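Step one of this worksheet: look at the structure below.
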Amino acid sequence: MTMTVKLDPVLEQRLRQRSAALGRPASEVIREALVAYLDQSATEPPSAYALGADLFGRFNGPADLATGRKSALADIWNRKHAGPG
């Protein structure tokens with residue numbers, strides 16, 4: 001398969017210098033680099049748990065927050081709007 005890839009001038013110059021130093025065509029250097037990249041990144045992506053493991057359990061609150069939310073909000077409201085006492 002033939003594929004066209006756009007390179008910025010600096011990257012193109014680096015590729016040309018490397019291929020000249022190796023004495024190999026730029027397309028061969030690109031193929032080898034692509035194979036190395038794909039082999040390195042062929043591992044399975046991390047799970048959602050692995051990505052957020054350092055965040056889970058980080059914040060503590062009432063265990064019954066979902067079921068006791070109305071009374072918790074009422075308590076907050078009453079404390080906020082309580083008269084001088």
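Structure notes:
- Enumeration of residues in region 1-10 that are open to solvent by 90 Å² or more (accessible area, probe 1.4 Å) and free of Cβ contacts under 8 Å to residues at least 24 places away in the same chain: Met1, Thr2, Met3, Thr4, Lys6, Pro9, Val10
- Any hit, region 31-46, residues being open to solvent by 80 Å² or more (accessible area, probe 1.4 Å), out of contact with any helix residue (DSSP H, G or I) (no Cβ under 8 Å at 6 or more places or on another chain), of a type in the set (Phe, Trp, Tyr) and not in a loop (DSSP other than H, G, I, E, B): yes
- Matching residues in region 11-28 - criterion: being part of a helix (DSSP H, G or I) and open to solvent by less than 100 Å² (accessible area, probe 1.4 Å): Leu11, Glu12, Gln13, Leu15, Ser19, Ala20, Ala21, Leu22, Ala26, Ser27, Glu28
- Residue match in region 61-83 (condition: assigned to a helix (DSSP H, G or I) and among the polar types (S, T, N, Q)): yes
- Qualifying position, being open to solvent by less than 80 Å² (accessible area, probe 1.4 Å) and over 31 Å from the mean Cα position of the chain (by Cα), among Gly57, Gly52, Gly68: Gly68
The values are calculated or read from the model by the stated rules, or taken from the named source; none is laboratory data. Keep in mind that this is a model prediction, so the values were computed, not measured. Here the Cβ is made from the backbone with ideal geometry for all residues, glycine too, and neighbour counts use every protein chain on show. These area figures cover heavy atoms from the full protein model, side chains too; ligands, DNA and RNA do not enter into them. Shrake-Rupley method; radii C 1.70, N 1.55, O 1.52, S 1.80 Å.
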